[in-house]
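Worksheet: the structure to be examined is printed underneath.
The values are calculated or read from the model by the stated rules, or taken from the named source; none is laboratory data. What you see is a predicted model; the values in this text were computed from it and never measured. Using ideal geometry, Cβ is built from the backbone for each residue, glycine included, and neighbour counts are taken over all protein chains shown. Just so you know, the surface numbers come from the protein's heavy atoms only, side chains and all, with ligands and any DNA or RNA stripped out. Shrake-Rupley method; radii C 1.70, N 1.55, O 1.52, S 1.80 Å.
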Amino acid sequence: MFGKNLKYYRLKNIVENTRKQAVDSEASIYAKETFEAAERCYANVKSAAEKKDFESALREVERLANLYKRAQKEADENPASIYKKGLVAKRSGKYKESFSFFAQSAEKRYPPALTNLGLCYLKGEGVNKDERKAFDCFHEASKLNYAQAQYFLAGCYAKGIGVKYDKESARVWMAIAKVNGSKAAEDFLAKAGWSVSSDEERAILGTLNDGRSPTVELSRNLKFALESIAGHIRKLK
């Protein structure tokens, strides 16, 4: 009897700790349906374990492990993860590789990737220099309410990059970037002597929609949870 109780508590602790580690992961943003399935599976594990039905519980634990593995794969393939691979490649000077990652992430309209893709085109890093394409990338990310892109887009307007010179559009986009939290845009406005009235700022705040995609980093806890499940399943069988 003591052995069965010990087995039950070990199983209970494994699944509960694993659930806490995995479903709380920021990665769930990009693997929502899989994590919801894992929650339902977790309920089955807990129910079977409480009834001392260890065979059913172990089958469900295996299913739970597979769901978490699938969620990890989905999270790894999300635009934020792909974008971060591009940043790593860029820091290593692998510009063609970084451009490829940024382009993959930008296809999913991830604002930081669109912005960095624009910088690749602007500087000719990993791709032929193309100011018009750079402008288009900044414009697309700006529409998604990304302050850094709004700052670069304003610079394009101010300097005539990719478009004809347009001082008023530059001022407006720089104001939007400033209201959206860009310190660089605030400094630029001050140096350029461009004023932004309080009425304009209120109007910008009133119309801005939060279109930013969250920056998601796959939780180390998720990977730890997967390793824990794999190890403990073998011990409990």
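Being in a helix (DSSP H, G or I), more than 21 Å from ALA175 (Cβ to Cβ) and modelled with pLDDT under 95 narrows it down to one of GLN150, GLN104, so name that one. Within the list GLN150, GLN104, the selection yields GLN104.
Of the set (1) closer than 23 Å to LEU87 by Cα; (2) out of contact with any Lys or Arg (no Cβ under 8 Å at 6 or more places or on another chain); (3) not in a loop (DSSP other than H, G, I, E, B), all apply to ILE176 but (1). On the given criteria, is GLU186 in contact with a Lys or Arg (Cβ under 6 Å, 6 or more places away or on another chain), surrounded by fewer than 18 Cβ atoms within 10 Å (Cβ to Cβ) and either farther than 17 Å from ALA103 by Cβ or modelled with pLDDT under 90 (or both)? So GLU186 passes the test.
Restricting region 66-93 to residues that are in a helix (DSSP H, G or I), free of Cβ contacts under 8 Å to residues at least 40 places away in the same chain and open to solvent by 30 Å² or more (accessible area, probe 1.4 Å), the residue that is nearest to LEU114 (Cα to Cα) is LEU87. Looking only at residues of region 31-65 that are without any contact (Cβ under 8 Å) to a residue 12 or more places away in the chain and outside any helix (DSSP H, G or I), we find that the one that is surrounded by the most Cβ atoms within 10 Å (Cβ to Cβ) is ASP53.
Pairing each residue of region 185-205 that is outside any helix (DSSP H, G or I) with any residue that is among the hydrophobic types (A, V, I, L, M, F, W, C) and at pLDDT 80 or above, provided the two are 6+ apart or on different chains, yields C-beta distances under 7 Å for TRP194/MET174; VAL196/ALA175; VAL196/LEU189. When TYR146, TYR157 are screened for being within 20 Å of ALA106 (Cβ to Cβ), buried (at least 20 other Cβ atoms within 10 Å of the Cβ) and of a type in the set (Phe, Trp, Tyr), only TYR146 passes.
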